[in-house]
Amino acid sequence: MAVIQILNEQGAKVVTLPSGKAVIGRAGDNDVVLDDKLASRKHCALEPINGGFILRDLGSRNGTGIKGKPVKEAQLNYGETFTVGKTVLRVFEHTAPDIEILDSGETTLEEIGDDEEAEALEALVAEAEEEEEPLVEKISVSQEEILAKARRDLNSLRSAGEDPGFGLEQVALFDHQGKPVHTSNTDDSSSEAVRTLRLLYYGAFRTRATDLHFDPVEDGCQVRFRVDGKMISVVLLPEQIGRALLGVVKILSELDIAGRQGIQDGSFVVACNRRVDNRVSLTPSMHGEKLVIRVLDSATLPTRLDKLGMPRNMLKPVTSLCKMDAGMIIVSGPTGSGKTTTLYTALRTIDARSRNVVTIEDPIEYHLAGITQIQVNTKKGLDFAPILKSVLRQDPDVILVGEMRDRDTAQTALQAAMTGHLVFSTLHARDTIGSIYRLLDLGVENYMIANAVSMCLAQRLIRMLCGECKKAYKPKPSQVARMRIDARTLPTLYAPTGCQRCMGVGFWGRAAIFELLSFNDKLRDALITTTTIKDIREAAGEWSFQTLLESGYQKVLEGLTSIEEVERVATRE
């Protein structure tokens, strides 16, 4: 029966090991219990093999060492030593030499052996006492390489993207009530997690990231940014810093710090040269809690419709309709296609001082000055339809309905447009004609659609080429054919390359492409007399309107994006 000899400040003892796996640590239910404050509760494990053991570190705080070097997994022969905190351990096949075994299964030290052996053990104990760089909690020496690379990757964020107009020292963290928690004046020299979070935010502002993802993985916490709709890996944080950073976000959002198995949502504020709201979502996963932070930076919202990338032939009718007293504009597209941004920008063209503007949203993403914003709360019975009916009794001029999800909401919104209100709303539909079909699918009558809707917009977001690294190239004949352009008159086209500014992606920023369908008498007549999407599409085909794909190809010809990007986003198939 194998035994393990234990030497630390309390003296020495010998413990008989079980025939199988032996867990070592501070927890009282371990096979080998250590009285060492530097040991984790479940620190490491020994698994027997022929002629020795496999030693595995169990993700301990301070690591497991052999000959002064940290190990995650190593083969250990009988008679070899390893360290846990300030404790030196050695495994023997049958019994430890020069140790008197007591009835309790433990021993007291009678004699350690010769002077050389004693000096070697003392050196190992002294090495375990050496201090490491202070963090939120002591970083496992087995993850020092991860920590070193993480610091290099984090420092690279200082020069990524573009100068946001402020420095890292101006990034401050506030709770959801706006009370300062960690500011530029806060002494956070001992908090690696706080410094890391502030640096990540500085990098997010430089790269215009809309979401920060913290994914728990086997080796630590993988941080990714969503930039221009695509995920970009930023840094792999050591597990301890990842856990501590999660705790910081929970404190900022006033969430349950101990809760790890439930879904939690919250919010907090980051200040730089402006206030930036952040929405927090926590969900349990296999390796721990996954954290996603949505950055709601109102400074990134366009202030005018032309800043959306809307072409002039569409800009004029949309702007004119926003000045009307009654009517309805429907914006369609998939999730994340910029529908809310377009509607917010349209609302900003309306003089809220002279008109009563009300929005119904789920959730409220950005605060708009001078506008009454109402958030949906289904748990309290506050869904779109009942809120809309209540709003209509409060003398509104302009109403934004975040989404028409059901027949009741859609009919109430269309009725409001027919009775003298200007209504904005969204639908999940593929294109403008699909918006009509979606309303029919919800059970709305043809005549209501024909009389209430003034305009349908469909949109997508395409990435724009990085101006510092895009390169000219000659497209394939098949690509030119799809664009229906004469190759002889084809302007210079460009493709993505990648540089430090765009983090190697080749794209920088996004713009919307639009499809516009204005309702006129012919289309209204067609809607009243037919019920099939095929007939409606054929009727709409009598009038010229630019499709999403055509709108995207126009930006390709202007040298703003690539053919592949447009076809990825706007192709129907």
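The values are calculated or read from the model by the stated rules, or taken from the named source; none is laboratory data. Note that this is a predicted model, so its numbers are computed, not measured. When we count neighbours, we look across all protein chains shown, and the Cβ atoms used for this are built from the backbone with ideal geometry, even at glycine.
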Scope the stretch 42-73; condition farther than 18 Å from Val32 by Cα, modelled with pLDDT under 85 and basic (Lys, Arg); matching residues: Lys67, Lys69
Being more than 26 Å from Arg208 (Cα to Cα), of a type in the set (A, V, I, L, M, F, W, C) and touching a helix residue (DSSP H, G or I) at 6+ places or on another chain (Cβ under 9 Å) narrows it down to one residue among Leu305, Leu282, Leu291, Leu255; which is it? Leu255
Going through (1) in a helix (DSSP H, G or I); (2) closer than 28 Å to Leu305 by Cβ one by one, Asp535 fails only at (2)
So Leu465 ticks every box in (1) in contact with a strand residue (DSSP E or B) (Cβ under 6 Å, 6 or more places away or on another chain); (2) touching a residue at least 60 places away in the same chain (Cβ under 8 Å); (3) within 29 Å of Leu523 (Cα to Cα) but one. Which box is left unticked? (3)
Here are the criteria: (1) more than 32 Å from the chain's Cα centre (by Cα); (2) of a type in the set (A, V, I, L, M, F, W, C); (3) surrounded by 21 or more Cβ atoms within 10 Å (Cβ to Cβ). Tell me which single one Ile350 does not satisfy. (3)
Hits in the stretch 452-474 - residues which are in contact with a helix residue (DSSP H, G or I) (Cβ under 6 Å, 6 or more places away or on another chain) and not hydrophobic (A, V, I, L, M, F, W, C): Ser454, Arg460, Arg463
Being touching a residue at least 60 places away in the same chain (Cβ under 8 Å) and polar (S, T, N, Q) is the filter; apply it to the stretch 1-23 and report the residue that is surrounded by the fewest Cβ atoms within 10 Å (Cβ to Cβ). Thr16
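With the structure loaded, tell me whether Asp277 is among the charged types (D, E, K, R), within 27 Å of Leu392 (Cβ to Cβ), in contact with a strand residue (DSSP E or B) (Cβ under 9 Å, 6 or more places away or on another chain) and not in a helix (DSSP H, G or I) or whether it fails that test.
no
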For the stretch 311-377, give me every one of the strands (runs of 3 or more DSSP E) that falls completely inside it and has 1 or more residues that are within 17 Å of Leu516 (Cα to Cα), of a type in the set (S, T, N, Q) and touching a Lys or Arg at 6+ places or on another chain (Cβ under 8 Å). 327-332
Of the residues in the stretch 58-78 that are over 33 Å from the mean Cα position of the chain (by Cα) and on the phi > 0 side of the Ramachandran plot, the one that is surrounded by the most Cβ atoms within 10 Å (Cβ to Cβ) is Lys67
Only listed residue being at pLDDT 95 or above and basic (Lys, Arg), chosen from Arg393, Arg348: Arg393
Just the residues that are surrounded by fewer than 23 Cβ atoms within 10 Å (Cβ to Cβ) and on the phi > 0 side of the Ramachandran plot, please, taken from the stretch 502-531. Gly504, Gly506, Gly509
Residue tally, condition assigned to a helix (DSSP H, G or I) and touching a strand residue (DSSP E or B) at 6+ places or on another chain (Cβ under 8 Å), over the stretch 300-310: 1
Taking the residues in the stretch 24-36 that are more than 16 Å from Val3 (Cβ to Cβ) and surrounded by 19 or more Cβ atoms within 10 Å (Cβ to Cβ) as candidates, determine which candidate is farthest from the chain's Cα centre (by Cα). Asp36
Going residue by residue through the stretch 215-235, is there one that turns out to be small (Gly, Ala, Ser) and either at pLDDT 95 or above or on the phi > 0 side of the Ramachandran plot (or both)? yes
Members of the stretch 37-53 found to be outside any strand (DSSP E or B) and surrounded by 17 or more Cβ atoms within 10 Å (Cβ to Cβ), listed by number: Leu38, Ala39, Ser40, His43
So which of Leu255, Leu282 ends up being surrounded by 17 or more Cβ atoms within 10 Å (Cβ to Cβ), assigned by the TED database to the domain that holds Ala204 and part of a loop (DSSP other than H, G, I, E, B)? Leu255
Breaking point among (1) touching a strand residue (DSSP E or B) at 6+ places or on another chain (Cβ under 8 Å); (2) within 21 Å of Ala458 (Cα to Cα); (3) in contact (Cβ under 8 Å) with a residue 60 or more places away in the chain, for Leu291: (2)
Can you find a residue in the stretch 441-457 that is modelled with pLDDT of 90 or more and on the phi > 0 side of the Ramachandran plot? yes
Would you please list the contacts, defined by Cβ atoms under 6 Å and residues six or more apart or on different chains, that run from a residue in the stretch 200-214 that is within 18 Å of Leu301 (Cα to Cα) to a residue that is crowded, with 23+ Cβ neighbours inside 10 Å and among the β-branched types (Val, Ile, Thr)? Thr207/Val227; Ala209/Val227
